[in-house]
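This report concerns only the one structure given below.
The values are calculated or read from the model by the stated rules, or taken from the named source; none is laboratory data. Because the structure is a prediction, the values reported are computed rather than measured. Note that each Cβ is placed from the backbone with ideal geometry, even for glycine, and that neighbours are counted across all protein chains shown. Just the protein is used for accessible areas: all its heavy atoms, side chains included, with ligands, DNA and RNA removed. Shrake-Rupley method; radii C 1.70, N 1.55, O 1.52, S 1.80 Å.
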Amino acid sequence: MMASNVICLLPHLDRVELVNGGELVASVSVPQAREAFSSYMRGRLAEDVPLYVQRIDAHCAVSQHLAAVRALDACYNASPPKGAIAIRRALAYAGVYYHHLEQLFFSRSSGDGGIAGLVRTDDELAAHDVLQALRRARDVVEILGGRGLTPERGIPGGVTVGIADEQLSRARDIASDLLGVALRSEEGFRAGGARWVEEQELSVPAYSLATVNDDGEASLCDGMLRIVDPKGSEVITGDASQVLPMMMEWKEDAPLRVGPLARLNAASGASTEQARELQKHLFDALGTSPIHRVAAGNWAMVIELVEAAELLSSALAGLAAGDSELHASLDEPGEGVGAIEGARGTLIHRYLLDAEGIVQEAQIVSPDSLMEADVNAALSSLIAESGPEVTDDTIERIVNTIGSYQPAYVPSAPFSLRIVRRDADGRVSQEWRRT
Amino acid sequence: MPNKKRLAFYAGSGCGGCSQSLMLSPSLATMLDGADIAFWATRSGDLTEDEISQLDDKGIDVLMFAGPVDGEASIATAKLLRRKAKRVVAYGACAHLGGLCGLTNVIPGAKLRELAERNGGFIKPLSAVIEVDYVLPGCPPPQGMVERMVKELFLADDVPDVGTVFASSKGVCAQCDRKHLNNPLEEIRRFHAAPPDPDICLLDQGYICLGPVTRGGCGAVCLEANRPCTGCAGPTAGVLDQGGAILQSLASLVPLSGDISGEKEHRVLDSIQDIVGTAYKYSAAASLLKRRVNDGE
Amino acid sequence: MSDNKSFEPKIIAFLCKWTTYAAADLCGVSRMPYPSNISIIKVNCTGEVTADMILTAFEKGADGILIGGCRPGHCRYEGGNLKGANRIYLLKRALNEFGVNPERIREVGIAGAQGLIFQRAAEKFTADIRALGPSPVMSNA
Ligand code: SF4
Ligand code: SF4
């Protein structure tokens, strides 16, 4: 599995290794294969880009697809018609739903290996229901995106084609079921996971980056990018090309955070009714915003599951079948930056196209690379607390901490982890593994 | 119910789509009921060489192998896994054809190739490294094909013939219900101007579609989304080189001008851009040429 | 890569049975030997030489591929040779992308009676391929 800025090109580059020099220090290094990505994409047709990037990581294929599509809009200076934007948004919400459900139940539970053990069951929500919901979320992605795990409806300037009537009504039916599962999941989480979150005290003050809508509420698709400082004051709000330079040369005294927890902190609140209500429980339990408790990201994610389902329902309700204006005319190709608020966090793509619409340069700024400093800060304080002895408990906490960020490099569950202690010469003197 | 089968899933690398496509199978529960799981590894770190070594030789009935193979380490793992399994399925485009990763084999003078070389090798389809018994095509495998594999491999009493590809023996065109106009190919079109007419064969409209040379069974879903088939299921039965086959079809669609210099024809053929990314999107590593070479450049 | 005197190129020739093949045949019977580097495969028409055949030849170690049909306008199969030429044209573009020198493929159109012309063309192509050196394709394994 690749970290997000490498297409599955360099299978051996991904490592999660906690290393030290003499002392035990934790660090996660995200493979930075920027050049590799760019040379992979060079010479490719612009309209194919959304097909390539979604295979970087199938768990958030929708986000990658849409980020590429939005960057390509910018490359061609195109403003997609309303109908196309509406389809893309609905697709984005379906993608976030799929991702969050998959993360919560299949990637993140502390199963004992093997797929059967990954499904966390309880009386309220049988594993069967969740798997069924995941399948149906995939079906909605297929209806909206054209292909189940790897959508392809997005093209520069719009979408390829509209959605047939009967498909649309099928998607609407599914969406209301998905909301039901989301609400039950949230309840189930509050009954169990919430207490666990409260017990996890690890807290890392960070800047938060998220996409917000016109009302300053969290967006799970497009909008303005906003960064707030650890106290919650706004640092910058702008479009991707305005915010990108600051992100790339991060000089602040605390790391930058993206993802559910950052969305909680950077926005004024969820953009849907029920999700906003549910956020109150979280704030009641953990204090007022901003919240820097790493484990709270899990809680925020469950609430976003509800939010995504609500957004999906209303987006689908607003879609008109038979809308034929789904594609804008394109200008001469050039350079463009586009962002999407992806399931895992803000995701930014940049492309430079030649006059023929062929890729010359390509760059992805993924949640993984953005969060690297944040994850490492969390691990450092965790290791500092645990002392020199690496116990099963330490390993479990490391796993949970990394997991709380939902990075792309640990998509499987329970993910494997290697912690090594190195002596002064860099030789491995002790090693712990968790697979 | 036949005896419990011992099955295993291994994805050393790849995007994770393959394991999800299996997990989402509606027959998953039935499949798991009738089987023991030897392991379910979705990344190389999940399973060490040691752990694999300790398994009984031929102790696994069916191993599904997803993701591409490249350097020595992954080849060694594939060989070791082969010893442990009675039957091996190349699961998904990466294992089947090298997949999108295979394009790195062909990138000119790229840093990537140096990196690949340092990593110990170029992308290879699984069948270049070990014997493969079955193929489940697709990137990731479409649901219908996954179902067929699950039924034939895990739910049936007898095993399918070695060499079975869990897809149609016909091309994608057979499942595509677009109208045919049998237009000559006079101009290559791309999505720049406008998306194609959703009811007419893409090739008739000048858009490159790999449908004629690609194994069907996917339901031509991409065509339904008004995207061309990009060839994820690999070549149709009997075709060795998928990219060569589509280039051949395209060439034959270009009308002969009668001018023996071929100038007019060449103009059409020259306008096909990104030949490798278009004709060999998933199959560069499985092509007859396999990778870019240095022919006295 | 060139300058390889001891290198004996392997050349596969796909020859149309009505024309170039007949010319090659004539060389044989008229004691006009053409280089033994050339192995001939008889085809009905060069339009029948598929991408798979050409690429397989390279994969199996051919250093050069000679495609001999009729002269333009003389095809028995309504322009099969010209269709074949379009195919070769596009395949050469692909070969180039794979780093293979497109000069390793040569097309000729020789009438059945022109044994001498075939002999010269065969010699010239063999010499040119010898100069190019061995095809790197095989080292792919
Ligand atoms: S070429 Fe493509 S569009 Fe045409 S029939 Fe085949 S699959 Fe359909
Ligand atoms: S239409 Fe082609 S690219 Fe699309 S799923 Fe089918 S085989 Fe794959």
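Data table
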{"item": "Enumeration of residues in the range A:245-280 that are farther than 23 Å from A:PRO205 by Cβ and touching a residue at least 24 places away in the same chain (Cβ under 8 Å)", "result": "A:SER271, A:THR272, A:GLU273, A:GLN274, A:ALA275, A:LEU278"}
{"item": "Test: residue in the range B:266-277 that is more than 7 Å from every other protein chain (Cβ to nearest Cβ) and closer than 26 Å to B:GLY92 by Cβ", "result": "no"}
{"item": "Only listed residue being out of contact with any Phe, Trp or Tyr (no Cβ under 8 Å at 6 or more places or on another chain) and among the charged types (D, E, K, R), chosen from A:GLU325, A:GLU361", "result": "A:GLU325"}
{"item": "The range B:209-218, subset in contact (Cβ under 8 Å) with a residue 60 or more places away in the chain and open to solvent by 30 Å² or more (accessible area, probe 1.4 Å), residue nearest to B:SER252 (Cα to Cα)", "result": "B:ARG215"}
{"item": "Residue within the range B:181-202 that is near ligand 1 (Cβ under 10 Å from one of its atoms) and either of a type in the set (Gly, Ala, Ser) or in a helix (DSSP H, G or I) (or both) present", "result": "yes"}
{"item": "Matching residues in the range C:8-38 - criterion: being of a type outside the set (Val, Ile, Thr), open to solvent by less than 60 Å² (accessible area, probe 1.4 Å), outside any helix (DSSP H, G or I) and under 24 Å from C:ALA131 (Cα atoms)", "result": "C:PRO9, C:ALA13, C:PHE14, C:LEU15, C:MET32, C:PRO35, C:ASN37"}
{"item": "Residue match in the range A:297-313 (condition: assigned to a helix (DSSP H, G or I) and open to solvent by 60 Å² or more (accessible area, probe 1.4 Å))", "result": "no"}
{"item": "Members of the range B:30-83 found to be in a helix (DSSP H, G or I), in contact (Cβ under 8 Å) with a residue 60 or more places away in the chain and more than 13 Å from every other protein chain (Cβ to nearest Cβ), listed by number", "result": "B:LEU81"}
{"item": "Qualifying residue in the range B:214-222 (condition: in contact with a Phe, Trp or Tyr (Cβ under 9 Å, 6 or more places away or on another chain), away from ligand 2 (no atom under 16 Å from the Cβ) and in the same structural domain as B:ARG178 (by TED's automatic domain parsing))", "result": "no"}
{"item": "All positions within the range B:223-238 that are more than 7 Å from ligand 2 (Cβ to nearest atom), under 23 Å from A:ARG88 (Cβ atoms), in a loop (DSSP other than H, G, I, E, B) and open to solvent by 10 Å² or more (accessible area, probe 1.4 Å)", "result": "B:PRO228"}
{"item": "Condition broken by A:LEU209, with the remaining ones in (1) open to solvent by less than 10 Å² (accessible area, probe 1.4 Å); (2) assigned to a loop (DSSP other than H, G, I, E, B) satisfied", "result": "(2)"}
{"item": "Pair list, Cβ under 9 Å, 6 or more apart: the range A:170-187 residue without any contact (Cβ under 8 Å) to a residue 40 or more places away in the chain, other residue in a helix (DSSP H, G or I) and among the basic types (Lys, Arg)", "result": "A:ILE174/A:ARG136"}
{"item": "Residues being surrounded by fewer than 21 Cβ atoms within 10 Å (Cβ to Cβ) and hydrophobic (A, V, I, L, M, F, W, C) - total across the range B:247-268", "result": "3"}
{"item": "Per-region count, the range A:139-149, residues surrounded by fewer than 24 Cβ atoms within 10 Å (Cβ to Cβ) and either within 13 Å of ligand 2 (Cβ to nearest atom) or at the interface with another protein chain (Cβ under 7 Å from one of its Cβ atoms) (or both)", "result": "1"}
